[in-house]
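The values are calculated or read from the model by the stated rules, or taken from the named source; none is laboratory data. Everything quoted here is computed from the prediction, not taken from an experiment. Cβ coordinates were reconstructed from backbone atoms using ideal geometry, including for glycine residues, and neighbour counts include every protein chain displayed.
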Amino acid sequence: MKYINKLMLLLCSALLAVSATMTLAGEVKSGYEFIKPATREMQDDDFENPGLLTVEQGQQLFNSTQQGADKSCASCHGEDGENLKPKVLARYPVYSKDVASIVTLQQRISRCRDDNTGSKTLPTDHPDLVALETFVRNRAIGEPVNVQTDGPMADLLAAGEELYRTRFGLIDMACYQCHDIYPGQMIRGQKISQGQANGFPAYRLDTGEITTLNQRIQQCLNLMRAEPFDADSEEIRLMGLYIMSRSNGLGIETPAIRY
Amino acid sequence: MGAADSVELTPCSLYQKAIYCSVVSAVYKTDMKVHKYLITLLLAGSLLSGVVNAEDALPDDYCRWEVTDYTIKEPLCGLAGDVQRGREIATDGSRGNCLACHQLPVPGVEAYGTIGPPLENIAARLSVAMIRLRVVDTRSINPLSIMPGFYRDPRLINRPATAFRGRTFLTAQQVEDVIAYLGTLK
């Protein structure tokens, strides 16, 4: 009988653990559903949305040629990026056999630019790359995010999820605690979202800047009083991959407006 | 979304409901994936609760505390708390910031959080010694709680920013001040 009691206790605590860790089976909702109506209007209005300035800036870079070179991004992809395929853009980050890892959209843009336009390699999240990424991602607006989840991606996603479920920093919280358990609840005056990535790069009202998903993760870690992972670290890339895969099925909103 | 895909839970909005829902779903819809998850979680839970980073020494001014009967009976470092100061710390966004997650009976404050329970009558429900445990390190009674430990062993903190290494969220005096304030909420 004693064993049965112990077993029951074990089972109960296990169930408790599962209930708290698993997403409460709700549907996937864009951050758009969690922002105030006035912020939604701002996002939807091309003249009001400050992120569109970055899109324009990105388009200029897309069309500009480097010194001593005769090709710009637009030479192949079109002045408005009309030769870029939204369905392909929605797949990023993608798995690449060459590097046996993932390639983010920003990395892909950077490499393509270095190889074909004679530009100097820029560091991750350099303002020019952020602007280009914002412009390119915006070409796929409305296209559902469609990150590969099977094959070689499965292990990478599992590693990303583990980080998503790890507590960090003096404030000692994990991503899943806010974004899987408490979406819709208030944290001080703000509604907690599901932490979806379909709107990134997004314009953040809190910082007044366009922000890539990597940067957003770093800012969140800072808020947790944790040592943020470097922009090129494996950790942040895996977290970004997992978080983007959670948004599968949500339409791309870049540049969204978020808090 | 990981394991959630394999199990269709009944929709639950509250944590309490979640426990009930998980029981229902576990009875009807258990599959191997859940088992695997469950075991991993249990293992992770038992490991995480006792991992101490040996490289970092405990700061000199850190006072050890002891849990008995789900309480911490002795005030931290033997300090007495100040109600007025505690109230300021509890409502200050850069210090206690209780309002980020809890509702407090503070006039003029409209923005508060709804993650934790309202603290309006907390002292009517819990003794001061019980409150102390919950402020100091609530995870010693609820390992899955989202609430940070305000006087948790700094060696248990994963990847603190350099500026916060070896530090507790609040000082022992600040924690006692907050406890003194919460003790007045009857």
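Taking the numbered list (1) at pLDDT 90 or above; (2) out of contact with any His (no Cβ under 6 Å at 6 or more places or on another chain); (3) surrounded by 21 or more Cβ atoms within 10 Å (Cβ to Cβ) in turn, B:Leu119 passes all entries but (2). Going residue by residue through segment B:127-138, is there one that turns out to be away from every other protein chain (no Cβ under 13 Å), over 24 Å from B:Asp61 (Cα atoms) and hydroxyl-bearing (Ser, Thr, Tyr)? Taking every residue of segment B:127-138 in turn, at least one turns out to be away from every other protein chain (no Cβ under 13 Å), over 24 Å from B:Asp61 (Cα atoms) and hydroxyl-bearing (Ser, Thr, Tyr). Can you name the residue in segment A:155-182 that is of a type in the set (Gly, Ala, Ser) and over 18 Å from B:Ile157 (Cβ atoms) and, of all such residues, is nearest to the other protein chains (Cβ to nearest Cβ)? Only one residue fits best here, namely A:Ala158. Pairing each residue of segment B:78-94 that is without any contact (Cβ under 8 Å) to a residue 40 or more places away in the chain with any residue that is not small (Gly, Ala, Ser), provided the two are 6+ apart or on different chains, yields C-beta distances under 6 Å for B:Thr91/B:Leu99; B:Thr91/B:Val106. Across segment A:165-175, the qualifying residues are those that are surrounded by fewer than 22 Cβ atoms within 10 Å (Cβ to Cβ) and under 17 Å from the mean Cα position of the chain (by Cα), and the one among them that is farthest from B:Gly93 (Cα to Cα) is A:Arg165. Residues that are at negative phi, of a type in the set (A, V, I, L, M), touching an Asp or Glu at 6+ places or on another chain (Cβ under 9 Å) and touching a residue at least 12 places away in the same chain (Cβ under 8 Å) occur at least once in segment A:154-166.
Collect the residues in segment B:57-81 that are over 18 Å from B:Gly149 (Cα atoms) and either at pLDDT below 95 or of a type in the set (Ser, Thr, Tyr) (or both), keeping them in residue-number order. Answer for segment B:57-81, where residues must be over 18 Å from B:Gly149 (Cα atoms) and either at pLDDT below 95 or of a type in the set (Ser, Thr, Tyr) (or both): B:Ala57, B:Asp60, B:Asp69.
So that you can scan it fast, the table gives a plain yes or no per residue for (1) within 13 Å of chain B (Cβ to nearest Cβ); (2) modelled with pLDDT of 95 or more; (3) in contact with a helix residue (DSSP H, G or I) (Cβ under 7 Å, 6 or more places away or on another chain); (4) more than 25 Å from B:Thr114 (Cα to Cα):
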| site | (1), (2), (3), (4) |
| --- | --- |
| A:Gly184 | yes, no, no, no |
| A:Arg188 | yes, no, yes, no |
| A:Lys191 | yes, no, no, no |
| A:Gln196 | yes, yes, yes, no |
| A:Pro201 | no, yes, yes, yes |
| A:Asp206 | no, no, no, no |
| A:Ile210 | no, yes, yes, yes |
| A:Asn214 | no, yes, yes, yes |
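For segment B:82-103, the criterion of a residue being modelled with pLDDT of 95 or more, under 20 Å from B:Arg139 (Cα atoms), surrounded by fewer than 18 Cβ atoms within 10 Å (Cβ to Cβ) and not acidic (Asp, Glu) is satisfied by no position. Taking segment A:46-105 as the range and being surrounded by fewer than 18 Cβ atoms within 10 Å (Cβ to Cβ) and in contact with a Phe, Trp or Tyr (Cβ under 6 Å, 6 or more places away or on another chain) as the test, only A:Pro50 passes. Restricting attention to segment B:134-184, the residues being among the hydrophobic types (A, V, I, L, M, F, W, C), over 25 Å from A:Gln218 (Cβ atoms) and surrounded by fewer than 17 Cβ atoms within 10 Å (Cβ to Cβ) number 2. The set of residues from segment A:56-98 being hydrophobic (A, V, I, L, M, F, W, C) and touching a residue at least 12 places away in the same chain (Cβ under 8 Å) comprises A:Leu61, A:Phe62, A:Ala69, A:Cys73, A:Ala74, A:Cys76, A:Leu84, A:Leu89, A:Ala90, A:Val94.
For every residue, the table says whether it meets (1) under 25 Å from the mean Cα position of the chain (by Cα); (2) at pLDDT 95 or above.
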| site | (1), (2) |
| --- | --- |
| A:Thr54 | yes, yes |
| A:Gln57 | yes, yes |
| A:Gln60 | yes, yes |
| A:Thr65 | no, no |
| A:Ala69 | no, no |
| A:Gly78 | no, yes |
| A:Lys87 | yes, yes |
| A:Pro93 | yes, yes |
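If the condition is being within 14 Å of chain B (Cβ to nearest Cβ), surrounded by fewer than 21 Cβ atoms within 10 Å (Cβ to Cβ) and in contact (Cβ under 8 Å) with a residue 24 or more places away in the chain, then segment A:216-249 contributes A:Cys220, A:Leu223, A:Arg225, A:Glu227, A:Glu235, A:Asn248, A:Gly249.
B:Glu110 versus (1) in contact (Cβ under 8 Å) with a residue 12 or more places away in the chain; (2) in a loop (DSSP other than H, G, I, E, B): which is the lone unmet condition? Failed condition: (1).
Yes or no, residue by residue, for (1) more than 24 Å from B:Asp82 (Cβ to Cβ); (2) at the interface with chain A (Cβ under 9 Å from one of its Cβ atoms); (3) at pLDDT 95 or above; (4) not in a loop (DSSP other than H, G, I, E, B):
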{"position": "B:Leu144", "(1), (2), (3), (4)": "yes, yes, no, no"}
{"position": "B:Tyr151", "(1), (2), (3), (4)": "no, no, yes, no"}
{"position": "B:Arg155", "(1), (2), (3), (4)": "yes, no, no, yes"}
{"position": "B:Gly166", "(1), (2), (3), (4)": "yes, no, no, no"}
{"position": "B:Gln173", "(1), (2), (3), (4)": "no, no, yes, yes"}
{"position": "B:Glu176", "(1), (2), (3), (4)": "no, no, yes, yes"}
{"position": "B:Ile179", "(1), (2), (3), (4)": "no, no, yes, yes"}
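For the residues B:Thr184, B:Thr168, B:Thr162, the requirement of being among the hydroxyl-bearing types (Ser, Thr, Tyr) and free of Cβ contacts under 8 Å to residues at least 24 places away in the same chain singles out B:Thr162.
Would you pick out the residues in segment A:138-156 that are touching a Phe, Trp or Tyr at 6+ places or on another chain (Cβ under 8 Å) and crowded, with 21+ Cβ neighbours inside 10 Å? Those that are touching a Phe, Trp or Tyr at 6+ places or on another chain (Cβ under 8 Å) and crowded, with 21+ Cβ neighbours inside 10 Å: A:Val147, A:Leu156.
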